[in-house]
Amino acid sequence: MERLDKLIAATGRFSRREVKALVRSGRVTVDGRPAARPEEKADPETACIAVDGEQILWRRATYIMMNKPAGLLSATRDGRGDGTVLGLLPPELRRQGLFPVGRLDRDTVGLLLLTNDGGLAHDLLSPKRHVDKTYFVRVAGTIVPADQAAFAGGLVLGDGLRCLPAALAPGETADTAFVTLHEGKFHQIKRMFAARGKPVLYLRRISMGPLSIDETLAEGEYRYLSEEETALLQDFRHGSSQSSK
């Protein structure tokens, strides 16, 4: 059971103060009857809560898939004022405390998961989990079998960082490839290709764990995860948690 004002405010559509005013004016109903007071408790899983006759859709946690465009930071705040991916969301979603799960560089595009589920984010980002992330990449130069062997063997970067073995599969053209990482170091793919003398020109994340980018989403667009995708994510999360123990 949760407080009514907390449940409604959690949708991001109203503040706690606004909910209190709505209740006092008789505009909030619970299972068809006017709510008595903002502190009244209800079961969010079973109660039909409505404002002005419109049912409130409550979620225990929110999961958003975004096709991140270039030019925005994967962060909740940007000290430079250049903008973050949260700026693409409407106010009711921004007020739900969403944050990106992991980061994509400012000029990297593709799959980005936003949520307010801190436990899930921890499980997906923990270095102990080695969650697979696959990227499409275009480089300046030609990708050759020696590059595949170097990635598979675990590259040592110029600063001495030894990368975990990574899979590099050739793309349709000689300058493209698909790279699957089992870790997430700072600018890792760019640094790995730089170590091979092939600067990255374009980078797009296409999958993370069990999630794959929805190809119908244009860059800058987003949607809620489907029930199936959410279930896959939770199954992956719990399986990953158990395997790390």
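Please treat every number below as a calculation from the coordinates, not as lab data. Remember, predicted model here, so these are calculated numbers, not experimental data. In this analysis, Cβ positions are derived from the backbone assuming ideal geometry, glycine residues included, and neighbour counts consider all displayed protein chains.
Below, the figures for the structure above:
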item: Lysine pairs in the chain with Cα atoms under 21 Å, if 8 or more residues apart or on separate chains; result: 13
item: Fewest-first sequence of LYS198, LYS6 by Cβ atoms within 10 Å of each Cβ; result: LYS6, LYS198
item: Fraction of alpha-carbon pairs over 18 Å apart in segment 182-245 - percent; result: 56 percent
item: For segment 1-96, alpha-carbon Rg over 2.2 N^0.38 Å; result: 1.31
item: Rg ratio (alpha-carbon, reference 2.2 N^0.38 Å) - segment 109-163; result: 1.52
item: Packing rank of 123-129, 135-141, where each peptide gets the mean count of other beta carbons within 10 Å, highest leading; result: 135-141, 123-129
item: At 0.692 mPa s and 37 °C, Stokes diffusion of segment 109-207 via Kirkwood alpha-carbon radius, µm² per second; result: 233 µm²/s
item: Residues LEU201, LEU57, LEU155, sorted so that the one with the fewest Cβ neighbours within 10 Å comes first; result: LEU57, LEU201, LEU155
item: Sorted by Cβ density within 10 Å, fewest first, the residues CYS163, CYS48; result: CYS48, CYS163
item: Computed E for ARG37/ARG77 - FRET, C-beta separation, R0 35 angstrom, nearest 0.05; result: 0.45
item: Residues with amide H under 5 Å from that of ALA177, placed H, sequence gap 5 or more; result: VAL137, GLY171
item: Share of Cα-Cα pairs in segment 40-179 lying beyond 20 Å, as whole percent; result: 63 percent
item: Cα-Cα pairs of the chain separated by more than 33 Å (percent); result: 32 percent
item: Kirkwood-based Rg to Rh ratio, segment 2-55, C-alpha trace; result: 0.89
item: Most mobile listed residue (SER207, SER25, SER15) in the chain, GNM with C-alpha springs under 10 Å; result: SER25
